[in-house]
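A.B. asks: Sharing a structure, written as C-alpha cells. Questions coming.
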Amino acid sequence: MKLSHAQEAMAAAIEDQWLAAAVQTGDAARAAAEEGVRDSYRLAGLEVPDRIYWFGSPRAGAVAMALLSGRLPIPAATRPTVSSPDVEAFPSPPTAVAEASPAAARPASAATDGGAPPGVASGESAAGGAPPAAASSERVAAGVGVGSGSSAAEAGVPEWVAEVCAELRLQGWTPGETAGPSLRRRVRTEPWAAARKAAVEALGNDGWAQLSAAAGRRSWGLVMDLIAGRLRLRLGEDLAAAFPGDDSRAARMPVLDAIYGQYDGPWLSTFEAADRLCPEAGLMTGLAGLAEVARHAGWWWANEKVAVLTERPSALTRDNVGRLHRGEGAALEFPDGYGLWAWRGMPIPPELASELPTLTVTRIRHENNAEIRRVMLEHYGYDRYLRDAGARKMGSDETGTLWYLDLPGDEPLVMVEVVNSTPEPDGTSRIYWLRVPPRTRSAREGVAWTFGLTAEEYQPMIQT
Amino acid sequence: MYRQGDVLIIPVAETEVPASAPVPRDRRGRMVLARGEATGHAHVVGGPGLQLVADLDDPDAMFIEVPSHGRVTHEEHGPISLPAGHYRVVRQREYIPGAFRPVAD
C-alpha cells in the first residue's frame, strides 16, 4: 500500500495529537486513566487489579513499586512506633483513599479534566508556556508535609523515600502486602507485537514503513530521545544514589518495568493512524486501554494485584529544537517536587541555577568543568562575555564579524556575529551569535562552517 | 545557493541525489524542511510537481527536486524562489567543544 498525501497529512495530524499528549502537563485525569488501566488488563484476558495507587512522580512510583515488590526493605525511619491506625482510618477503596491523602490531594473537579482529546494548541502551550506555579507549589508543599516529623534523614534514607512510604500507607497499603508478578509483557509488549503483526499484514511492509515515518518518526525523537529517555537515565542514577549497596538493584528494577504512559504516544500514534486507514483490521482494539492511560497519566506499572500510576509533570520547558531547557528551575518538574534540571538538553546541577543570575567573568573563567562553563557562558550571553572579557575583533566581511577570546585552560572562544537578513516588524534587525571552531580565521569561513561548507563554497545568492 | 534563516539550499547535480523516499507531509499537507518546536514556525517548500525527499540511509539528509519552479517560506523570513533543479538542504549547526549541534532558529 502506498499512502496518498492526504493520508500522510492525516497521519501527521494524529502524531501531533499524541505529541501534544506526551508534552502535556498538569493533573492526570485519574478516573479516565484508571479505567484505561482496567481496560488494558481485561483486553489481555486478566483480572483487574485489586488496588490502584497514585504517586506524584516516576521517582515516587518506582520506589513504591520497589516497596510493593517486597524486595526493598521498608525504611527504618518510617516504621510506626505505635500501632498504625492507617488501615482503620482509610477503609475506603484505593481511589477514594488516593484523593483523601495529602500528597495526592487535588480538587475533586480535576478528576474529570482531560476528558476532551488533547488538542495540539494545548500541547504547544504546555511545551513552551509558564509552569502552573500556584497549583504545583501547593502540591509540592503538601507532599513535603507528609514526611515531616520523620527522622528519615538521620537514618540515612532520603526524606522523599520516607514520604513515598508514608504516602503508600495513607493510600491503604499494609507493609507485607505485595503487588504480585509484573504484567508488563501481557499488558503492553504482547498487544503491541500482535497489533504490529496485524498492521504489517494490512498495510504491507512498505505501507507500514511509510506510515511509521509519517506518524511516528518525528515524535519518537522529540519524546523518547529528548524527554522520556533522559528521565529514565536520570531516574536510574538518582535511585542508585539513594539506595547504595545491596538495595540498589531492587530500587532500580521498576525503572526497567515501567510502562511510559503519556510517552507511549510516539508508537501509539502509528497504530492509530493505521487503524484509521484500515478500520476493518481492528488495530487499536487491543491497545485501547494503553492508549487511554497514555492520554491521561504519566509512567505506570501493571502488576497482578496492584497498579501504580503517576502524575504528569507540572512543568515542562523545552527549547526550539525540543530539548529540555531552563536556567532558573527544573526543565521537567513533577508535582511532588522531583525534577530534571537541564540547559539545552544538558543535565545541570540545581546549585548552578542559583548562581546563574550573579555570574561574573571571573567566576566563569574559574569554572573547571567545561560543560558547566559552557552553560554559564550561554546564560551570561556570549556577546556580553566577549565584551566584558575583552575579546579581539578578528575582522568583518559581508557575512558578519568574527570575534576571538582566549579562555585560559580551554580552547579559545571564537564566534561570528551575524545580522539577520529579514528585518523584524519594527524595522530593526536581529543580531545573533554562533560559536565556530577555534581555528576559524574569517567571518565567512565561520558562517560557511555552520553549513558544512568552506569559505569558497559558501556563496548564497539570496538570503532572507 | 539560497539561505533562509538557519536553512541553506544548495544546488546539486541530479546524480548527487542518493536513493531516497518522499518525506511525509505534515498535518497541513505541507513539505517541511525544518521546524521550531517552541514557535511552531517552519521552513516550508512547495511548487508544481516539486518533491521533498530524504536519503533512505539517512532520513535527516533531505533533497528538493524542482521540475519547474518552487518557493520556500517561513513565518519570520522573506520567501525565496527556487528555479528548476535539484537541491540539497542543510540545517545550520553551531560549534560546541568536541561536537556540534543544530541551531534553534
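A.B. asks: Consider only pairs whose beta carbons are under 7 Å apart and that are at least six residues apart or on different chains; among these, list those whose first residue lies in the range A:1-23 and is facing chain B (nearest Cβ under 9 Å) and surrounded by 23 or more Cβ atoms within 10 Å (Cβ to Cβ) and whose second residue is small (Gly, Ala, Ser) and not in a helix (DSSP H, G or I).
C.D. replies: Within 7 Å, the pairs are A:Glu15/A:Gly216.
A.B. asks: Among the listed residues A:Val308, A:Val293, A:Val321, which satisfies the condition of being more than 15 Å from A:Arg230 (Cα to Cα), outside any helix (DSSP H, G or I), of a type in the set (Val, Ile, Thr) and at pLDDT 95 or above?
C.D. replies: Exactly one of A:Val308, A:Val293, A:Val321 is more than 15 Å from A:Arg230 (Cα to Cα), outside any helix (DSSP H, G or I), of a type in the set (Val, Ile, Thr) and at pLDDT 95 or above, namely A:Val308.
A.B. asks: Could you identify the single residue in A:Glu398, A:Glu417 that is at pLDDT 85 or above, among the charged types (D, E, K, R) and surrounded by 14 or more Cβ atoms within 10 Å (Cβ to Cβ)?
C.D. replies: Unique residue meeting the criteria: A:Glu417.
A.B. asks: On to the next question. Going through the range B:79-96 one residue at a time, which ones are within 12 Å of another protein chain (Cβ to nearest Cβ), part of a strand (DSSP E or B) and surrounded by 15 or more Cβ atoms within 10 Å (Cβ to Cβ)?
C.D. replies: Those that are within 12 Å of another protein chain (Cβ to nearest Cβ), part of a strand (DSSP E or B) and surrounded by 15 or more Cβ atoms within 10 Å (Cβ to Cβ): B:Ile80, B:Leu82, B:Arg88, B:Val89, B:Val90, B:Arg91, B:Arg93, B:Glu94, B:Tyr95, B:Ile96.
A.B. asks: Would you pick out the residues in the range B:6-46 that are surrounded by fewer than 22 Cβ atoms within 10 Å (Cβ to Cβ), at the interface with chain A (Cβ under 9 Å from one of its Cβ atoms) and assigned to a loop (DSSP other than H, G, I, E, B)?
C.D. replies: Of everything in the range B:6-46, those that are surrounded by fewer than 22 Cβ atoms within 10 Å (Cβ to Cβ), at the interface with chain A (Cβ under 9 Å from one of its Cβ atoms) and assigned to a loop (DSSP other than H, G, I, E, B) turn out to be B:Asp26, B:Arg27, B:Arg28, B:Gly29, B:Arg30, B:Gly36, B:Glu37, B:Ala38, B:Thr39, B:Gly40, B:His41.
A.B. asks: On to the next question. Name the pairs whose Cβ atoms lie under 8 Å apart, with the first residue in the range A:319-330 and within 7 Å of chain B (Cβ to nearest Cβ), the second among the hydroxyl-bearing types (Ser, Thr, Tyr), and 6 or more positions between them or separate chains?
C.D. replies: What qualifies is A:Asn320/B:Thr39.
A.B. asks: Look at the range A:187-223 and say how many of its residues are surrounded by 19 or more Cβ atoms within 10 Å (Cβ to Cβ) and in contact with a Phe, Trp or Tyr (Cβ under 7 Å, 6 or more places away or on another chain).
C.D. replies: Here the count works out to 6.
A.B. asks: For the range A:444-464: of the residues being of a type in the set (S, T, N, Q) and without any contact (Cβ under 8 Å) to a residue 12 or more places away in the chain, which is farthest from the other protein chains (Cβ to nearest Cβ)?
C.D. replies: Out of the qualifying residues, it is A:Thr454.
A.B. asks: Out of the residues in the range A:421-438 that are touching a residue at least 12 places away in the same chain (Cβ under 8 Å) and under 33 Å from the mean Cα position of the chain (by Cα), state the one that is farthest from the other protein chains (Cβ to nearest Cβ).
C.D. replies: Selected residue: A:Ile431.
A.B. asks: Mind checking which pairs have a first residue in the range B:46-73 that is closer than 16 Å to A:Gln210 by Cα and a second that is aromatic (Phe, Trp, Tyr) and modelled with pLDDT of 95 or more, Cβ under 8 Å, 6 or more apart or different chains?
C.D. replies: B:Leu52/B:Phe63; B:Val53/B:Phe63; B:Ala54/B:Phe63; B:Asp55/B:Phe63
A.B. asks: When you go through B:Val53, B:Val66 one by one, which is the residue that is part of a strand (DSSP E or B), in contact with an Asp or Glu (Cβ under 7 Å, 6 or more places away or on another chain) and either crowded, with 17+ Cβ neighbours inside 10 Å or within 12 Å of chain A (Cβ to nearest Cβ) (or both)?
C.D. replies: B:Val53
The values are calculated or read from the model by the stated rules, or taken from the named source; none is laboratory data. For clarity, every value in this text was computed on a predicted model and none was experimentally measured. Counting neighbours? That spans all protein chains shown, and the Cβs are built from the backbone with ideal geometry, glycine included.
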